[in-house]
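See structure below.
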């Protein structure tokens with residue numbers, strides 16, 4: 001029987017990613033930090049093969065808890081944003097600062113995003129970012145906040161606080177030497193770092209039930225199985241996978257440590273949500289130790305915060 005746990009961490013961080021992301025896992029950063037500390041990884045490299053908003057990774061890097069962050073996403077627009085925000089930081093921030101927040105501009109940015117022209121990554125990256133911050137729930141194919149008539153309590157600028165976003169983007173530029181951005185297939189990224197014991201990989205692939213509703217690069221059953229074959233072949237790196245709870249995934253990762261993860265919020269399932277967590281041997285040991293401490297009571301668990 002799969003064990004159940006609630007995410008508990010000795011520390012918690014606020015939102016530090018510039019992106020709003022469906023199903024983002026920034027709240028797990030403290031949980032990951034505790035696992036990395038328990039394993040004893042020094043000079044840790046944190047890798048997200050399916051990065052999306054990379055919320056947890058940015059928090060860990062900004063807090064000095066990992067030395068290097070690898071952000072990978074095969075989606076061209078997501079890649080365009082990250083490579084622009086990290087490696088063309090000053091120009092990107094200038095564009096964010098001066099681009100108007102109007103319906104006319106929203107339509108223009110939407111057209112750029114839909115065209116998907118990768119010959120100008122800065123332009124495409126800005127369009128992706130603009131829609132991420134002005135669309136409902138940050139979903140690219142959703143409508144603009146407040147509707148095109150701009151009526152209601154929240155309008156197009158509701159999630160576009162320029163000062164806050166500039167601070168988050170500036171931090172990325174300051175840490176650019178410690179960030180690698182790529183647009184590869186997630187499996188190839190996992191294989192690249194598979195033999196590195198200083199690597200911690202957080203693997204958050206497209207989920208089974210959400211499918212194409214939230215992911216532009218949705219997986220089918222064969223994709224999930226192909227990913228599992230790569231993940232379970234990792235020899236030295238430490239890894240943790242999260243999925244929606246689905247019999248397909250439980251069967252696919254049979255023989256690996258699994259537990260059901262209770263989190264307080266997920267854009268995939270508003271409110272309380274339950275997801276499946278799968279971990280490498282060292283990660284599994286760290287999680288089991290945390291479960292043990294929780295059973296022993298608050299004194300053993302330390303100052304805990306539910307993620």
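Any read-out appearing in this document is the output of simple, stated calculations on the displayed coordinates, not a laboratory observation. Just so it is clear, the model here is predicted, and its values are computed rather than measured. Neighbour counts are summed over all protein chains in view; Cβ atoms, including those assigned to glycine, are modelled from backbone coordinates with ideal geometry.
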When the Cα centres of segment 12-70 and segment 78-147 are compared, how far apart do they sit, in Å?
24 Å
Counted neighbours (other Cβ, 10 Å), sorted fewest up, put 46, 193, 113 in the order 193, 113, 46
How long are the three semi-axes of the equivalent ellipsoid of segment 83-173, in whole Å, if each is the root of 5 times an eigenvalue of the C-alpha gyration tensor, listed from largest down?
21, 16, 10
Using the number of other C-beta atoms within 10 angstrom as an exposure proxy, rank 292, 98 with the fewest first.
98, 292
What list do you get for 41, 35 if you sort them by fewest beta carbons within 10 Å?
41, 35
